[in-house]
Amino acid sequence: MSGDGVGASARRVGGYGRVTGHQEYLADITLTDMLHVKLVTLDCARARIISIDKTAAEQVSGVRLIMTAEDLPHPMPRFGPQFQDRPVLATGETKYHGEPIAAVAAETKDAAEAAAKLVRVDHEVLVDGVFSVSRALDPTAPLVQDPDLRPDDPLANTNILREHHFGWGDVDSQEADLVVENTYEFPMVTHFAIEPHGFMAAPDGDGIAIWSTIQHPYLLQKTIAKLLDLPLAKVRVFAPDPGGAFGGKQNPKLEPLVAYMSLRTGRPVRLILTLDETFQAVRRASTEIRVRTGLNSDGTLVFEDFESNFLIGAYVDIADRVVTKGNYLAAGPYRVPAVRIIARGILSHTTPSTAFRGFGIPQVTWARESNLDEGARALGIDRLEIRLRNLAEQGEEFVPGDTPADGDWQQAVRRAAELLGWDEPLPAGRGRGIALGLKSGPTTGLSYSTVRLLGDGSVLIYSGTSDMGQGARTVFAQIASQELGVPLDRISVIMGDSTVVPYDQQTSASRSSVLMGTAVLRACQDIQAKVRTMAARLDGVDESEVSVEKGMVYLPGREATVTETLVTGLGPLGGELVGNGEMRKDKDLEHPLGGSALFFEFNATAVELEVDPGTGEITITKHMTVSDVGLAMNPLQVTGQDEGAAIMGLGHTLMEHYIFDEEGRIRNLGAIDYRIPTSLDLPLELRSDSIENADGPGPYGVKGISEGALLAVSPAVGSAVTEATGLIIRDLPLTPQRVWEAMMERV
Amino acid sequence: MRDTLSIEVKVNGIDRSIEVPVHHTLLDVLREEVGLTGTKECCVVGECGACTVIVDGRPINSCLMLAVEVDGAEVTTVEGLAAEDGRLNPLQEAFLDKGAPQCGFCIPGQLMSAQALLDKKPNPTVDDVHEGLAGNLCRCAGYQQITAAVLAAAEVERQ
């Protein structure tokens, strides 16, 4: 569909800047009189800091500040979105490879880098670090977190942060014809946004201004206000469009450090991480998940029993939420009479894990779907058939007490199978797999938007969402275009300045089209109501005789555009109409997650592949991904997000993982040794398709979409490898080496 | 040893005389001295392609070339693709039509590699495009849209 309204594959709003080099990302902004910051780190994971000698570093010309823990308030200020455990700088002990110990601010980048190398940190490497689940749970292992940071916590003297229990029915009393039990591992992988994280801070009158590549500018504002004891109104956050984020840029990391450095020097300071430092800043939780699946001989699921260990790193960031939200839906989109889930977040001396596209679901999906396939094989049931047999029907409350299945998921599964040619004869040497992924959308939400219809009929939309590539600007502009009848080239979307744009809770969980989209829609409807009043006044008729719809005003005996009505109605002084919109989903304290799913992201992924018997290399010949999107507001953008998620899923399935040495150092920092998919790693055929039944809770029936196509890639590929080779591999990634070794072991 | 050297370089058609620190890369100098920030910095080891520019007709990773090496050369950055009045070239138009930019951070590099490819090979195949742009990482993984855009631009240029 062409055009500018909802459903059109309109060009990206903000696209012009992106193809001309004029789009301003954080590192493209310079501030007058700015100092450059370089971090001081150690090349080991866990160390006791004995002393820090700044003498040599201070001699470097241009150095203005060397900040250490000593220079910060005591006790060390700590922060975090869930637990206030992350220090501004390491104090006493480093907890992971690359944890900042000090930071140098200098007049030039060269001077900061030179001085950072000269800061002498006398330290003792503590070799008994915790880098694995088994070591973390060993009673002789050191505690990653100081128990004093966890007062009143019965687990404070363990490395278990929290142990969560979910489920329904009684697993132990169920009788199954077949029980399949296995453990599946998922590696540590990193977001690798092409834009490295960046932070700036500057004194701003009697407050402070912060620039960050962050996804959640309002959370950052709260964090800084609390640390510096400032009112929100005195903390101005600039959040330029992130150059990719994927969850890694959700929560504050080094903004407090640059804030303190800026206040100390009285000058703007800027810290742009290297890619290597970004690897040390964010990652996905690695997992070991044991799953017992009970099945009847006809393939009906009887029970699912999970014991799920997430290795979350040294500080919690948002990882406990990843553990709960990821595991709560561990049983997936199926009708299962009894489910038991024990899920642990386990601290370790590794980079703090955080949100990453899929939010814990890719890990549990790898385990659940792979185990289901083992059951299907043992029972001699087709892997597509076993899924269809157990899949929840639309409207079915498949997780007791939560949102019922909100889509025709059968349709998506059948479509994926059809696109792949599931029923067609399998070419020699190939294997196929199909897997289903399900993720809860947001469980709470709060978004405000203001829309201004200016005197010439052009439009400004204010939204606190971060457009990090998902295309939020475009979608919001399309909503306004649809409602106010204004072409996209007369609409601007304003984001990224907390003093200008009203509050948005966060940009995560594929929420923005639904939550902020509704706020924008309501702001447009607010304007429509004012246009209606205006039109009634102009024609001297009662408001009840006027209606406004899709940019048109319908009056007794005539119709006019919104713009015509506006221009006449505003009169010689001009002016504008302002509309406000709000969308909220409140907390539900009775719910284990604090709220039911606003919507589900459902995806079916089907692949066909071949495995090189000589090298173990996997070639994906076909990759079909079908998501239930409710409605594609911009099909071109939906396809881009879907294909991108699918390819990112192939990354952790086939090639990506951190490699550690015995002292917890990441040995493959940076782009040379950590491989992500390139244009030469694509499936020979990759197609995405959308199921659109307009049954979502957002404007026009939309649901969130940006994570679905990643959720089920691993088990679909794993299952296909098994069909092609007979091998069952329960550890990712399926690198040529791992596959080849498995083939050799069999020989 | 001297800390800086003066170089003469033509950037996007404009002759410039720049005093550059000898250890600074072309990327540093483009972004910091010339003020052209369209060229992006990511891995600085020549693996991600975000900093790709065209030097004397060849696509290069500007993070791997010292600025002094471009003395006497002609450099084109992403800012040099559109006409002076802001009119986009066919490749840029195709990128927008096909939805190639998502977050957009890799796009300047993708465009420069694609432009260099089309300059050399006006009728590329899908494999040519995949090969030609293999050094440009896109974590949004919009590879199929990028490829479609390059092929569409080639088609427009043929007409």
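Descriptive notes on the structure:
- Number of positions in the range B:117-159 that are away from chain A (no Cβ under 12 Å) and either of a type outside the set (S, T, Y) or under 17 Å from the mean Cα position of the chain (by Cα) (or both): 15
- From the options A:A367, A:A435, A:A417, residue that is surrounded by 21 or more Cβ atoms within 10 Å (Cβ to Cβ), in contact with a Pro (Cβ under 7 Å, 6 or more places away or on another chain) and either of a type in the set (K, R) or at pLDDT 95 or above (or both): A:A435
- A:L577 being closer than 30 Å to A:V514 by Cα, in the same structural domain as A:I461 (by TED's automatic domain parsing) and assigned to a strand (DSSP E or B): yes
- The residues on offer are A:I214, A:I208, A:I224, and the sole one that is crowded, with 24+ Cβ neighbours inside 10 Å and without any contact (Cβ under 8 Å) to a residue 60 or more places away in the chain is A:I224.
- Of the helices (runs of 4 or more DSSP H) entirely within the range A:689-747, those holding at least 1 residues that are without any contact (Cβ under 8 Å) to a residue 12 or more places away in the chain and under 24 Å from A:D373 (Cα atoms) occupy A:736-746.
- Within the range A:700-741, being out of contact with any helix residue (DSSP H, G or I) (no Cβ under 8 Å at 6 or more places or on another chain), surrounded by 24 or more Cβ atoms within 10 Å (Cβ to Cβ) and closer than 23 Å to A:T507 by Cβ holds for A:K703, A:G704.
- Counted as qualifying within the range A:428-499 are the strands (runs of 3 or more DSSP E) with 3 or more residues that are in contact (Cβ under 8 Å) with a residue 40 or more places away in the chain and under 30 Å from A:G326 (Cβ atoms), namely A:430-440, A:445-454.
- Inside the range B:99-116, residues that are touching a residue at least 40 places away in the same chain (Cβ under 8 Å) and either surrounded by fewer than 24 Cβ atoms within 10 Å (Cβ to Cβ) or within 15 Å of the chain's Cα centre (by Cα) (or both) make up a count of 10.
- Test: residue in the range A:641-654 that is hydroxyl-bearing (S, T, Y), under 30 Å from A:P196 (Cβ atoms) and free of Cβ contacts under 8 Å to residues at least 60 places away in the same chain: no
- Scanning the range A:233-254 for residues that are more than 21 Å from A:G17 (Cα to Cα) and in contact with a helix residue (DSSP H, G or I) (Cβ under 6 Å, 6 or more places away or on another chain) turns up A:V235, A:V237, A:P252.
- Residue selected from the range A:667-684 under the condition more than 7 Å from chain B (Cβ to nearest Cβ) and without any contact (Cβ under 8 Å) to a residue 12 or more places away in the chain, by the criterion nearest to A:M655 (Cα to Cα): A:N668
- Failed condition for A:E582, given (1) over 30 Å from A:E397 (Cβ atoms); (2) assigned to a strand (DSSP E or B): (1)
- Yes/no for A:A330 being closer than 30 Å to A:T41 by Cβ, crowded, with 24+ Cβ neighbours inside 10 Å and under 24 Å from the mean Cα position of the chain (by Cα): no
- Pairs where the first residue, in the range A:45-67, is within 16 Å of A:G92 (Cβ to Cβ) and the second is of a type in the set (F, W, Y), C-beta under 6 Å, 6+ apart: A:A45/A:Y96
- Qualifying positions in the range B:13-55 - within 14 Å of the chain's Cα centre (by Cα) and either away from every other protein chain (no Cβ under 11 Å) or at positive phi (or both): B:L26, B:L27, B:G46, B:G49, B:T52, B:I54, B:V55
- Test for A:V291: is it away from chain B (no Cβ under 14 Å), buried (at least 24 other Cβ atoms within 10 Å of the Cβ) and touching a helix residue (DSSP H, G or I) at 6+ places or on another chain (Cβ under 8 Å): yes
The values are calculated or read from the model by the stated rules, or taken from the named source; none is laboratory data. What you see is a predicted model, and the numbers here were worked out from it, not measured in a lab. Please note: Cβ atoms are built from the backbone with ideal geometry, for glycine as well, and neighbour counts cover all protein chains shown.
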